[in-house]
1. Across the stretch 91-101, in residue order, what do the Karplus-derived ³J(HN,Hα) couplings come to in whole Hz, using 6.51 cos²θ - 1.76 cosθ + 1.60 with θ = phi - 60° and x for Gly and Pro?
2. In whole Å, how far is the Cα centre of the stretch 59-84 from that of the stretch 86-164?
3. What are the radius of gyration and Dmax of the stretch 31-164, computed over its Cα atoms and given in Å?
4. Quick one: go through the stretch 1-25 and flag any residue whose amide nitrogen is under 15 Å from the point 7 Å out along the Cα-to-Cβ line of HIS108.
5. Using θ = phi - 60° and the Karplus form 6.51 cos²θ - 1.76 cosθ + 1.60, what ³J(HN,Hα) does each residue of the stretch 20-35 get, whole Hz, x for Gly and Pro?
6. Evaluate the charge dipole of the chain about its Cα centre and quote only its size in Debye, nearest 20, assuming +1 on the Cβ of each Lys and Arg and -1 on the Cβ of each Asp and Glu.
7. Would you pull out the residues with amide H under 5 Å of LEU127's amide H, same chain only if 5 or more places away, H placed 1.01 Å from N?
8. List the GluC sites (Glu not before Pro) within the stretch 57-129 that fall in a DSSP loop (any state other than H, G, I, E or B) and whose Cβ has at most 14 other Cβ atoms within 10 Å.
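The values are calculated or read from the model by the stated rules, or taken from the named source; none is laboratory data. Treat the numbers as computed from the prediction; the structure is a model and nothing was measured. Cβ atoms come from the backbone with ideal geometry, glycine included; neighbour counts cover every protein chain shown. These accessible areas exclude ligands, DNA and RNA; they are computed on the full protein's heavy atoms, side chains included. Shrake-Rupley method; radii C 1.70, N 1.55, O 1.52, S 1.80 Å.
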Amino acid sequence: MTESIAKANAEGDPLVLTFGHIEVTPNTVNVVPGDAMFTMDCRHTDKDTLVRFSEEIEADMARIAAEHGVEIEIDRWMDEDPVPMNAELVTKIEQVAKDSGANYRMMHSGAGHDSQVIAPHVPTGMLFVPSVKGISHNPAEYTEGEDLKAGIDMLGAALYNLAY
């Protein structure tokens, strides 16, 4: 995993690589596991880059497994193409952020939001509010009330801008 993370860091933004679940069997403190299962989530805005990088990581895994006499199986059960947001809509949302004087940053989201399904059919953009310590999709996720209010205000302004 360390080698994969180093490669992801070298590739840089907007590539994101997450090892989100690791399960070993047996899962006891004093026994070397005989099986290990883990998830790897790799995201990028460009499909060709995503495919190339994923194939490189899979080749590394196969090589390392062979060097250690270990069998591996890879299941791409959540493999999805990147879905771009509507550029005009994203530009309008960014303009609202600029006009409001908000502290904001543009970012790519590879997350599987409803927008991933909607965007191919309807102009779509996303507006995020910060989570404390960057923790999201986790029971510890928390957003300050003032950040929620700022997000609601920004959404209202963007919708007004789009309507008029």
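1. Result, rounded to whole Hz: 4, 5, 5, 5, 5, 4, 4, 4, 4, 7, x.
2. That distance is 33 Å.
3. For the stretch 31-164, the Cα-based Rg and Dmax read 19.9, 66 Å.
4. Of the residues in the stretch 1-25, 8-18 have backbone N under 15 Å from the label point off HIS108.
5. Residue by residue, the stretch 20-35 yields x, 8, 10, 9, 10, 9, x, 9, 10, 5, 10, 10, 5, x, x, 9 Hz.
6. Details: 11 positive and 28 negative charges, 123 e Å.
So the magnitude is around 580 debye.
7. Here the answer is none, since no amide H 5 or more places off falls under 5 Å of that of LEU127.
8. Working: sites: GLU58, GLU67, GLU71, GLU73, GLU80, GLU88, GLU94; in loops: GLU71, GLU73, GLU80.
Qualifying residues, ordered by number: GLU71, GLU73, GLU80.
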